[in-house]
1. What tally of residues in the stretch B:27-51 results from selecting those that are surrounded by fewer than 23 Cβ atoms within 10 Å (Cβ to Cβ) and over 20 Å from B:ASP157 (Cα atoms)?
2. Of all residues in the stretch B:79-126, which are within 27 Å of A:LEU309 (Cα to Cα) and more than 14 Å from every other protein chain (Cβ to nearest Cβ)?
3. Could you tell me how many of the residues in the stretch A:366-404 are within 17 Å of A:SER308 (Cα to Cα) and surrounded by fewer than 21 Cβ atoms within 10 Å (Cβ to Cβ)?
4. State all residues of the stretch A:351-380 that are touching a Gly at 6+ places or on another chain (Cβ under 9 Å) and under 21 Å from A:SER224 (Cα atoms); if no residue qualifies, say none.
5. Out of all the residues in the stretch B:315-346, which are out of contact with any Leu (no Cβ under 8 Å at 6 or more places or on another chain) and small (Gly, Ala, Ser)?
6. Restricting to the stretch B:112-171, and then to whatever is in a helix (DSSP H, G or I) and among the aliphatic types (A, V, I, L, M), can you tell me which residue is nearest to the chain's Cα centre (by Cα)?
7. Kindly indicate whether B:ALA79 is within 10 Å of B:MET39 (Cβ to Cβ) and at pLDDT 95 or above.
8. So is A:ILE179 touching a residue at least 60 places away in the same chain (Cβ under 8 Å), assigned by TED's automatic domain parsing to the domain that holds A:ALA74 and part of a helix (DSSP H, G or I) or not?
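The values are calculated or read from the model by the stated rules, or taken from the named source; none is laboratory data. Here the structure is a predicted model, which means the values were calculated and not measured. Ideal geometry is used to build each Cβ from the backbone, glycine not excepted, and the neighbour counts take in all protein chains shown.
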Protein chains: 2
Amino acid sequence: MSNYKFIENGSVTSPRGFVAGGVIAGIKPNNTTKRDLGMIFCEKPCAAAAIFTKNRVKSDTIYVTQEHLKNGVAQAVIANSGNANACNPDGYEKAEQMCALAADALGIAADDVIVASTGVIGQALPIEPIEKSVGALKDSMTRDGGTYAAEAIMTTDTIKKEWAVQLTLGGKTVTIGGIAKGSGMIHINMGTTLSFVTTDAAVSAEMLHSALIEAADVSYNMVSVDGDTSTNDTLAIMASGLAGNDEITEKNGDYALFVEALTAAFKAVAKKLAADGEGATKLVIGKVSGAKDESTAKVIAKSVICSSLVKAAMFGADANCGRILCAIGYSGAEVDVKKIDVSYRSAKGEILVCKDGMGLAFDEDKAKEILIESEIDIIINLGDGNGEAEAYGCDLTYDYVKINGDYRT
Amino acid sequence: MSNYKFIENGSVTSPRGFVAGGVIAGIKPNNTTKRDLGMIFCEKPCAAAAIFTKNRVKSDTIYVTQEHLKNGVAQAVIANSGNANACNPDGYEKAEQMCALAADALGIAADDVIVASTGVIGQALPIEPIEKSVGALKDSMTRDGGTYAAEAIMTTDTIKKEWAVQLTLGGKTVTIGGIAKGSGMIHINMGTTLSFVTTDAAVSAEMLHSALIEAADVSYNMVSVDGDTSTNDTLAIMASGLAGNDEITEKNGDYALFVEALTAAFKAVAKKLAADGEGATKLVIGKVSGAKDESTAKVIAKSVICSSLVKAAMFGADANCGRILCAIGYSGAEVDVKKIDVSYRSAKGEILVCKDGMGLAFDEDKAKEILIESEIDIIINLGDGNGEAEAYGCDLTYDYVKINGDYRT
């Protein structure tokens with residue numbers, strides 16, 4: 001039995017001490033309908049940590065947030081969609097200005113603000129809409145406003161990503177909540193663009209950082225939509241400590257429980273990010289077992305769900321086994337092809353299409369029925385050990401091409 | 001001035017000593033209109049070499065061809081489309097049977113036959129259509145039949161790839177010719193599926209092998225259509241020696257001239273493979289200069305032309321600079337972002353979209369006019385040295401998704 005449970009309608013404002021909100025600032029001048037500027041605030045300074053994109057080309061928001069988190073303390077997040085503030089000559093100043101504006105409105109220090117942006121790269125971020133809106137943004141924040149902040153960071157996402165889990169640490173109920181955006185430019189290595197996590201647990205900044213890395217490793221780092229790693233990916237966490245648990249300052253039992261809950265939540269988010277990938281009609285989960293170790297299983301799971309040909313076959317509900325074997329073959333992992341079994345599974349059943357590395361004749365109608373579903377497991381057994389991994393992807397569709405064929409206009 | 005020239009309407013039968021042909025064998029039972037079985041034959045045994053896919057999952061045709069080329073001698077090629085003969089329990093026997101059938105018809109030894117297949121993976125190769133057709137196949141071969149062999153290896157290719165170049169070695173005119181197929185499952189590392197090259201130059205098997213590697217490194221190994229490396233990629237060469245030049249048995253001046261001509265031809269093929277990528281509407285060439293070394297330039301050129309987001313932007317004629325910088329950033333190469341310039345160029349002109357790592361405002365109408373063309377150069381200067389490289393890709397289109405959404409049926 002797990003020590004945590006998901007909370008219905010949970011969000012970044014579920015943990016004690018946090019408020020959040022979002023407004024229509026008009027970062028893109030023609031946007032008059034969607035919230036595009038969001039804020040999260042805690043009534044007290046929080047222990048905080050973040051992990052970022054591994055892309056060498058980074059938004060200046062990342063450098064500013066890194067600087068602000070050096071002391072392991074933050075009290076607010078300001079984030080916008082509509083412009084990534086990346087590859088701009090004045091990006092660093094603009095990111096600092098965003099923090100200063102938020103800090104002034106909130107009456108806190110600018111270096112206690114986490115800043116993030118998402119949207120078009122290489123176009124100057126207009127600061128005026130943010131200046132004009134920051135008062136309203138502050139006033140928009142409420143104890144159930146996480147959902148508006150979630151909307152504010154969406155780009156081509158079609159559904160908001162919000163969640164909260166609860167667990168007990170030393171007799172105290174602890175809540176962790178989060179919002180995230182994804183959709184395109186999503187790939188292994190913090191394939192997330194933006195995710196903000198709050199908790200009322202007492203956890204040191206160092207242990208928060210460590211927990212983020214552990215949980216992201218099997219969740220955010222196993223998602224791919226299109227193979228493109230963004231310049232802006234930011235996964236930040238703030239812990240208010242208001243739950244009153246004994247502060248987690250080392251990798252003890254409470255830490256393990258905290259990481260377990262965080263990991264479960266991140267895996268759920270990873271699935272949502274993949275399922276809502278740009279143009280996606282279905283979630284495709286690569287489930288690898290029987291690998292000689294976990295790292296081999298990961299490499300193969302990722303290779304399969306990243307294959308354009310596998311992704312297009314999933315869109316066409318085509319139970320192709322050759323493309324799966326092919327993607328295993330070029331993954332770089334050492335495998336014995338003659339031991340590989342491959343099945344497809346969905347709510348409609350399961351069908352074996354490859355046994356011992358050889359394609360099987362199978363019932364095409366049954367296969368179609370299985371693959372027409374909106375969540376597909378590609379089950380790969382390498383017959384070579386106990387290593388396991390899951391990776392989360394989606395199908396490649398006409399709409400992916402349409403969305404990205406002319407994104408800026 | 002180059003030492004070689006391309007021959008109009010050249011093919012694999014342009015060099016002295018070679019005949020080729022192709023027939024409709026019906027490898028796929030419903031195929032009654034397209035040649036799907038091809039043959040190339042030389043009047044005398046040839047020095048021969050080949051290089052193959054780096055995918056760990058390989059068609060058995062590759063193991064059979066490797067075995068047959070151990071002695072560096074071959075006299076014929078038999079190749080089919082419609083079925084890859086990969087991941088089949090009896091694949092090795094079937095590939096051997098194909099060679100035996102060809103050898104019987106031609107009156108040569110089976111181990112002097114190169115065999116290759118392309119098409120669906122994981123379905124049993126029907127040998128009967130080949131048995132029935134091999135006589136007609138032999139009879140179909142003529143001195144200008146290279147074009148029929150080229151047709152026989154096409155899958156989703158929309159145009160035949162044939163070429164020939166001529167050069168002079170020690171006063172003798174030498175011809176090199178080739179056919180190739182590509183289209184999908186095309187990626188860096190022999191992203192070619194099948195290519196057969198003939199020459200009447202006298203070149204030892206060892207030097208042929210070395211020349212293939214050198215020429216492929218900057219051509220076939222720089223092409224990507226969809227990031228998927230096939231199980232069947234084979235690039236084979238046979239040299240009849242009928243041109244009467246002094247046999248090339250070491251890396252001398254004649255070897256350099258031979259490699260120069262071969263490289264020029266392979267680069268032309270690489271462009272054709274990319275331009276005719278599945279669903280592609282345009283050829284996209286990543287041209288990197290100013291890299292600290294050639295290997296850095298290659299890594300970046302490949303990363304850019306492989307990016308799904310860049311490919312979709314090219315389809316939409318969208319002069320996006322953020323996606324280029326992003327793909328450079330996640331390539332893994334060490335770069336100084338603040339030195340990077342990016343331009344787009346086509347027959348309609350050139351436009352700078354990024355200077356010193358920062359996005360520029362530019363004339364959108366002019367950019368559209370440039371990008372609407374069918375051949376686009378993405379010109380990247382890293383401002384950091386003298387390393388240069390080119391990589392060849394194509395746009396990502398609705399038709400790629402359509403072609404691969406239901407390929408088997």
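1. Qualifying residue count for the region: 4.
2. If the condition is that a residue be within 27 Å of A:LEU309 (Cα to Cα) and more than 14 Å from every other protein chain (Cβ to nearest Cβ), then B:ALA79, B:ASN80, B:SER81, B:ALA95, B:VAL115, B:ALA116 are the ones that fit.
3. Residues that pass the stated criteria total 5.
4. Hits for the stretch A:351-380 are A:LEU371, A:ASP377, A:ILE378, A:ILE379, A:ILE380.
5. B:GLY316, B:GLY322, B:GLY329, B:SER331, B:GLY332, B:ALA333
6. Only one residue tops the list, namely B:ALA150.
7. Yes; evaluated as a whole, the condition is true for this residue.
8. Values: touching a residue at least 60 places away in the same chain (Cβ under 8 Å): yes; assigned by TED's automatic domain parsing to the domain that holds A:ALA74: yes; part of a helix (DSSP H, G or I): no.
No: the conditions fail for A:ILE179.
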